[in-house]
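Student: Can you read through this structure? Questions will come right after.
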Amino acid sequence: MLRIAVCEDEEQHKKILVDLIGRYPFETDYHLTTFQFGYELIEAINKGINFDIIFLDMRLDSEDGIDIANEIRKTDNNARIIITTSLIEYAVLGYSVSASDFLLKPFPEEKLFQVLQKMESEIRQSRTSFHEFDINNEKVFLKSDEILYFESLGRKIKVVTDETEYEYYYTISALEKELDPVRFVLCHRSYIVNLKNVKSIKTKTAILKNGVMIPISPKRNQKVYDAFTRYLAGSRE
């Protein structure tokens with residue numbers, strides 16, 4: 001799921017931007033949160049709420065958008081900040097805080113869609129190469145190749161590699177939507193396996209290269225076998 005924030009103190013511009021984002025044909029689910037003031041956005045981030053894309057107004061009442069962006073960068077170097085402004089001069093300043101792009105008000109639809117397409121593509125590619133998750137308000141990155149499998153533990157997900165394992169709060173249904181479907185397959189209601197690290201498929205079992213056996217539910221057995229066969233045919237190794 002993409003997590004998007006809009007920080008805009010003018011209701012008219014906020015409504016236009018939110019409506020336009022709602023029209024964009026995202027390839028994945030997204031959740032949109034709006035903020036009127038920059039300090040509200042910073043408070044949310046400091047509480048551990050992370051955003052993939054942030055639309056940030058350069059002039060927020062008495063606040064300076066660059067100051068807000070600098071605060072964001074103190075704890076998050078990965079969020080894609082999109083500067084929104086009425087003046088092109090302010091857009092240039094955005095690059096000092098590693099802004100990904102800018103939008104001039106009143107937000108031309110074609111330009112906004114181009115920005116969202118670019119951001120969604122970049123995020124998808126990043127998530128294909130790495131798996132990102134949050135533990136105690138800290139982002140953790142694992143190379144996708146290193147991951148053996150994910151296991152659902154109630155409200156948590158356990159991600160396992162050869163050398164370590166982590167647990168974080170998430171659901172397996174949401175996780176399945178985010179992962180590369182060519183590489184990762186839901187083989188059981190509680191397990192997602194990385195096909196790159198599967199040695200063989202047997203009835204009701206996926207045998208990993210390190211010998212670990214992952215259960216396959218009967219109704220998913222053929223699907224997992226077909227996915228493994230397709231993966232081998234176009235192996236990325």
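Student: Would you be able to tell me the number of residues in the stretch 50-72 that are farther than 17 Å from L87 by Cα, of a type in the set (D, E) and assigned to a loop (DSSP other than H, G, I, E, B)?
Tutor: The total comes to 1.
Student: Mind telling me which of the residues I21, I72, I53 ends up being free of Cβ contacts under 8 Å to residues at least 60 places away in the same chain and of a type outside the set (S, T, N, Q)?
Tutor: I72 is the lone residue from the list that is free of Cβ contacts under 8 Å to residues at least 60 places away in the same chain and of a type outside the set (S, T, N, Q).
Student: Would you confirm whether or not the stretch 145-152 contains a residue that is free of Cβ contacts under 8 Å to residues at least 24 places away in the same chain, more than 29 Å from L20 (Cβ to Cβ) and over 12 Å from the mean Cα position of the chain (by Cα)?
Tutor: yes
Student: I would also like to ask the following. In the stretch 195-237, what count of residues is obtained for those that are out of contact with any helix residue (DSSP H, G or I) (no Cβ under 7 Å at 6 or more places or on another chain) and assigned to a strand (DSSP E or B)?
Tutor: Result for the stretch 195-237: 8.
Student: To continue, here is another question. Taking Y169 and the conditions (1) touching a residue at least 40 places away in the same chain (Cβ under 8 Å); (2) surrounded by fewer than 14 Cβ atoms within 10 Å (Cβ to Cβ), which numbered condition does it fall short on, given that it satisfies the others?
Tutor: (1)
Student: Also, quick follow-up: Looking at S126, S98, S86, S62, which one is modelled with pLDDT under 85 and under 18 Å from R3 (Cα atoms)?
Tutor: S126
Student: On to the next question. Consider F107 against the criteria (1) at positive phi; (2) under 20 Å from the mean Cα position of the chain (by Cα); (3) not small (G, A, S): it satisfies all of them except one. Which criterion is unmet?
Tutor: (2)
Student: With the requirement that a residue be buried (at least 17 other Cβ atoms within 10 Å of the Cβ) and among the charged types (D, E, K, R), what does the stretch 206-234 give you?
Tutor: R220
Student: Moving to a separate point now. Given (1) touching a residue at least 60 places away in the same chain (Cβ under 8 Å); (2) more than 18 Å from V115 (Cβ to Cβ); (3) not charged (D, E, K, R), identify the lone condition not met by F35.
Tutor: So the condition that F35 fails would be (1).
Student: Further, regarding this structure: Looking at the structure I just gave you, is E178 under 22 Å from I123 (Cα atoms), among the charged types (D, E, K, R) and in the same structural domain as P218 (by TED's automatic domain parsing)?
Tutor: Answer is yes for this residue.
Student: Next question, about the same structure. Checking Q125 against (1) surrounded by 14 or more Cβ atoms within 10 Å (Cβ to Cβ); (2) under 19 Å from the mean Cα position of the chain (by Cα), which single condition isn't satisfied?
Tutor: In the conditions (1) surrounded by 14 or more Cβ atoms within 10 Å (Cβ to Cβ); (2) under 19 Å from the mean Cα position of the chain (by Cα), Q125 misses (1) alone.
Student: In addition: Could you pull out every one of the strands (runs of 3 or more DSSP E) wholly within the stretch 145-190 that has 2 or more residues that are of a type in the set (D, E)?
Tutor: 165-169
Student: Only one of these is aliphatic (A, V, I, L, M) and free of Cβ contacts under 8 Å to residues at least 12 places away in the same chain: A233, A206. Name it.
Tutor: Step by step, each of A233, A206 is checked, and only A233 is aliphatic (A, V, I, L, M) and free of Cβ contacts under 8 Å to residues at least 12 places away in the same chain.
Student: For the stretch 25-40, give me each residue that is of a type outside the set (V, I, T), closer than 19 Å to Y170 by Cβ and exposed (fewer than 14 other Cβ atoms within 10 Å of the Cβ).
Tutor: Across the stretch 25-40, the qualifying residues are D29, H31.
Student: Look through E43, E63 and report the one residue that is in the same structural domain as D19 (by TED's automatic domain parsing), surrounded by 14 or more Cβ atoms within 10 Å (Cβ to Cβ) and more than 17 Å from the chain's Cα centre (by Cα).
Tutor: E63
The values are calculated or read from the model by the stated rules, or taken from the named source; none is laboratory data. Keep in mind that what you see is a predicted model, and the values were worked out from it rather than measured. Positions of Cβ are backbone-derived with ideal geometry, glycine not excepted, and every protein chain shown enters the neighbour counts.
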